[in-house]
Amino acid sequence: MAFVEPVTLEARGVRLVPLALAHEAGLKAAAADGELWNLRVTSVPEPHETRGYIETALVTANRFAFAVTDAASGEVLGTTSFHDIVPNLKRVEIGYTWYAARCQRTHVNTTCKLLMLSHAFDTLDCNVVGWRTDNFNHTSQRAIERLGARKDGVLRGHALRRDGTIRDTVMYSLAAGEWPEVKAQLLYLLDKPRT
């Protein structure tokens with residue numbers, strides 16, 4: 001039995017379902033909302049690369065990818081994954097996350113992270129959940145920090161960007177003992193009126 005089994009997670013009008021080739025058109029549409037593939041510091045596929053992006057996600061060891069969908073309509077809003085899954089350490093990372101521009105800075109990301117963190121800590125009994133992002137992706141860094149994750153450090157010269165430049169990677173984590181307070185904060189953020 002795998003540590004991370006296929007699962008559907010749902011709350012607050014957002015449903016995470018196992019990513020499949022059937023989500024290709026929806027992911028293309030989500031990426032087109034904001035032409036997200038033009039962002040230098042993300043891994044959003046260009047429209048003609050979407051099928052390959054999904055195929056890679058489905059065969060990559062130690063990764064479980066979700067399509068982020070609207071629970072009512074089934075519309076694909078984006079994608080996110082558990083990755084770098086280390087069962088013997090009870091550790092997962094959350095990443096490969098991107099949403100249609102219209103979903104950014106809404107409840108969607110907070111809801112997805114609440115669902116994934118709840119699954120990781122409450123169901124899988126993880127010790128640690130991690131994140132990594134490009135050192136120039138300040139939007140992602142702020143979003144991760146808003147979740148309550150702690151910055152672990154920077155891996156210099158760690159990975160290649162799509163444009164061939166070498167990036168530094170900023171690492172974050174959240175430990176199981178920190179989860180109850182972070183969960184309370186995420187629920188508070190989701191329940192407070194948005195201005």
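Just to be sure before I move on: is V68 within 23 Å of T169 (Cα to Cα) and in contact (Cβ under 8 Å) with a residue 40 or more places away in the chain in the structure I sent?
Numbers: within 23 Å of T169 (Cα to Cα): no; in contact (Cβ under 8 Å) with a residue 40 or more places away in the chain: yes.
Judged against the criteria, V68 is not a match.
Just a yes or no: is a residue in the stretch 4-22 outside any loop (DSSP other than H, G, I, E, B) and in contact with a Phe, Trp or Tyr (Cβ under 6 Å, 6 or more places away or on another chain)? Yes - at least one qualifying residue is present in the stretch 4-22.
Taking the stretch 85-136 as the range and being charged (D, E, K, R) and either closer than 20 Å to T42 by Cβ or crowded, with 16+ Cβ neighbours inside 10 Å (or both) as the test, the residues that pass are K90, R91, E93, R102, R105, K113, R132, D134. Kindly evaluate A72 against the criterion of being modelled with pLDDT under 95, of a type outside the set (S, T, Y) and either part of a helix (DSSP H, G or I) or surrounded by fewer than 21 Cβ atoms within 10 Å (Cβ to Cβ) (or both). Criteria not met by A72.
Please determine, by comparing only the residues of the stretch 86-112 that are among the basic types (K, R) and modelled with pLDDT of 95 or more, which one is farthest from the chain's Cα centre (by Cα). Here the residue is K90. Could you please let me know if T42 is of a type in the set (V, I, T) and within 27 Å of T169 (Cβ to Cβ)? Considered against the rule, which asks whether it is of a type in the set (V, I, T) and within 27 Å of T169 (Cβ to Cβ), T42 comes out as yes. Restricting to the stretch 13-44, what's the tally of residues that are modelled with pLDDT of 95 or more and exposed (fewer than 15 other Cβ atoms within 10 Å of the Cβ)? Count: 6.
I need a count of the residues in the stretch 159-180 that are under 20 Å from R91 (Cα atoms) and either in a strand (DSSP E or B) or aromatic (F, W, Y) (or both). Write out each step before concluding.
We begin by selecting, within the stretch 159-180, every residue under 20 Å from R91 (Cα atoms); these are 169-180.
Subset that is either in a strand (DSSP E or B) or aromatic (F, W, Y) (or both): 169-175, 179.
Qualifying residue count, the stretch 159-180: 8.
Taking the condition closer than 20 Å to H83 by Cα, within 15 Å of the chain's Cα centre (by Cα) and of a type in the set (S, T, N, Q), does T50 pass? Reasoning before the result, please.
Working: closer than 20 Å to H83 by Cα: yes; within 15 Å of the chain's Cα centre (by Cα): no; of a type in the set (S, T, N, Q): yes.
When the stated conditions are applied, T50 does not pass them.
Within the option set R156, R105, being under 28 Å from A20 (Cα atoms) and of a type outside the set (D, E) holds for one residue only, R105.
State the number of residues belonging to the stretch 105-135 that are closer than 27 Å to L39 by Cβ, out of contact with any Cys (no Cβ under 6 Å at 6 or more places or on another chain) and not hydroxyl-bearing (S, T, Y). Walk me through it before giving the result.
Taking the stretch 105-135 first, the residues closer than 27 Å to L39 by Cβ are 105-117, 120, 129-135.
From what's left, out of contact with any Cys (no Cβ under 6 Å at 6 or more places or on another chain): 105-117, 129-135.
From the residues that got through so far, the ones that are not hydroxyl-bearing (S, T, Y) too are 105, 107-109, 112-117, 129-132, 134-135.
Summing the residues that are closer than 27 Å to L39 by Cβ, out of contact with any Cys (no Cβ under 6 Å at 6 or more places or on another chain) and not hydroxyl-bearing (S, T, Y) in the stretch 105-135 gives 16.
In the condition set (1) more than 24 Å from A149 (Cα to Cα); (2) out of contact with any Gly (no Cβ under 8 Å at 6 or more places or on another chain); (3) in contact (Cβ under 8 Å) with a residue 40 or more places away in the chain, L21 is compliant with all but (3). Filter the stretch 160-188 down to the residues that are exposed (fewer than 14 other Cβ atoms within 10 Å of the Cβ), under 28 Å from L115 (Cα atoms) and among the hydrophobic types (A, V, I, L, M, F, W, C), then identify the one that is nearest to the chain's Cα centre (by Cα). Taking the candidates together, the pick is L187. The combined condition, being closer than 28 Å to I166 by Cα and either surrounded by fewer than 20 Cβ atoms within 10 Å (Cβ to Cβ) or touching a helix residue (DSSP H, G or I) at 6+ places or on another chain (Cβ under 6 Å) (or both), is fulfilled by P47. G78 passes every criterion in (1) small (G, A, S); (2) crowded, with 20+ Cβ neighbours inside 10 Å; (3) more than 14 Å from the chain's Cα centre (by Cα) apart from (3).
The values are calculated or read from the model by the stated rules, or taken from the named source; none is laboratory data. Source: prediction; values computed, not measured. Cβ coordinates were reconstructed from backbone atoms using ideal geometry, including for glycine residues, and neighbour counts include every protein chain displayed.
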